[in-house]
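Following: one structure in C-alpha cells, then a few remarks.
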Amino acid sequence: MKNPHCPLCHRRKFLHLATLGSAALFTTPGAFAEALTLTPRQTEGPFYPDKLPLDTDNDLILINDSITPAVGEITHLTGTVRDVKGDPVRNTLVEIWQADSNGSYLHSKGAARERGREENFQGYGRFLTDSKGRYYFRTIKPVAYGRRTPHIHFAVTNQKQERLLTTQLYTKGEPLNKTDSLLNRVEDPELQALIIVPYKPFKNSDAGELTAHFDIVIGQTPEDPADDAGRNRQPRGNFRPQSGNE
C-alpha cells in the first residue's frame, strides 16, 4: 500500500487531480443529437493478469513507493465512458493491461523469451470513473511484439461487477496496423477508427511525455461469457481502485 504521507504520493495525487482538471486532456460531455456508436469489442487475449500485482492503481509508471520509473515513453491516457445517449457513466471500473517495453505481460506465461519482464512497469491498472465519467492512467506508449501491432487492452465493468466491454486500443499511424489480424477483424473503417488514437506531445513537458485520449461508449448488456470478445471476468482482489471522486 502506498504511504499517503510520502512526498512521492502527494506528487502523484497532484498529477492525477491536475490532469482531471485539464481542459487540454478532457472533452466536456454534452448533448448528442444522435445515439453514439458502441465502441467495438475485441478479444481479451491470453494475458489478462493471472495474479494481480500488489499495486493496482492508475499509475503504471511507478510501483508502490519506488522512485525508479518504468522504461518507455510516458503517456497520459485519458477518456470518458458514456452510454449510447451520450450521458457520462460514473463509478464504472476501467481496467487496462499491456506489455512492457520488452514486450512482456504481467502474466505467468507472458514474458518475452529473450528479455523477460521489465520489473519497474506495473503492467495493469484500474480506475473508477468520476462524476463526469472520466478516467485517467499514466502508462507507457505501447510497443509491438511478435506479430501484434502496439495496443493496450481495456475492460469496462459496471457496479454489479458485470463486464460490459472488452476491447483494445491501437496507435494511429502505426504501420503494423495494416497487417494486425485482430485489429482487422473490425472491417468497417469508421468502426475501426473508434479504437485507433494518436499519441501527441504533452504540452510543456520537458521529458518528452505524450498524451492519448480514448472515449468509450458502452451498452447496458453484459458480455456473453462464451463470446470471443471476452470472458466476462470479475475483477479479482480488493475491489477498491482509485477513483476520480476521491
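For residues in the stretch 45-83 being within 22 Å of PRO198 (Cα to Cα) and of a type in the set (D, E, K, R), which is most open to solvent (accessible area, probe 1.4 Å)? Top of the filtered list is GLU73.
Any residue that is assigned to a loop (DSSP other than H, G, I, E, B) and either among the hydroxyl-bearing types (Ser, Thr, Tyr) or over 28 Å from THR92 (Cβ atoms) (or both) - is there at least one of those in the stretch 120-130?
Yes.
Residues in the stretch 50-88 that are on the phi > 0 side of the Ramachandran plot and at pLDDT below 95: ASN64 only.
Residues in the stretch 88-140 that are buried (at least 23 other Cβ atoms within 10 Å of the Cβ) and basic (Lys, Arg): ARG126, ARG134, ARG138.
Kindly indicate the residue of the stretch 185-222 that is modelled with pLDDT under 95 and among the charged types (D, E, K, R) and also surrounded by the most Cβ atoms within 10 Å (Cβ to Cβ) among those meeting that condition. The selected residue is LYS203. Return the residue satisfying two criteria in turn: it lies in the stretch 149-184 and is of a type in the set (Val, Ile, Thr) and in a strand (DSSP E or B), and of such residues it is surrounded by the fewest Cβ atoms within 10 Å (Cβ to Cβ). Once the filter is applied, the top-ranked residue is THR171.
Whether a residue is in contact (Cβ under 8 Å) with a residue 12 or more places away in the chain and either hydrophobic (A, V, I, L, M, F, W, C) or under 20 Å from PRO88 (Cβ atoms) (or both) was assessed, and ASN158 passes this test. I'd like the residue in the stretch 52-86 that is of a type in the set (A, V, I, L, M) and outside any loop (DSSP other than H, G, I, E, B) and, out of all such residues, is nearest to the chain's Cα centre (by Cα). Checked the stretch 52-86; the qualifying residue nearest to the chain's Cα centre (by Cα) is LEU77.
The values are calculated or read from the model by the stated rules, or taken from the named source; none is laboratory data. Remember, predicted model here, so these are calculated numbers, not experimental data. Backbone-built Cβ (ideal geometry, glycine too); neighbour counts: all protein chains shown. All accessible areas refer to the heavy atoms of the entire protein, side chains included, with ligands and DNA or RNA removed. Shrake-Rupley method; radii C 1.70, N 1.55, O 1.52, S 1.80 Å.
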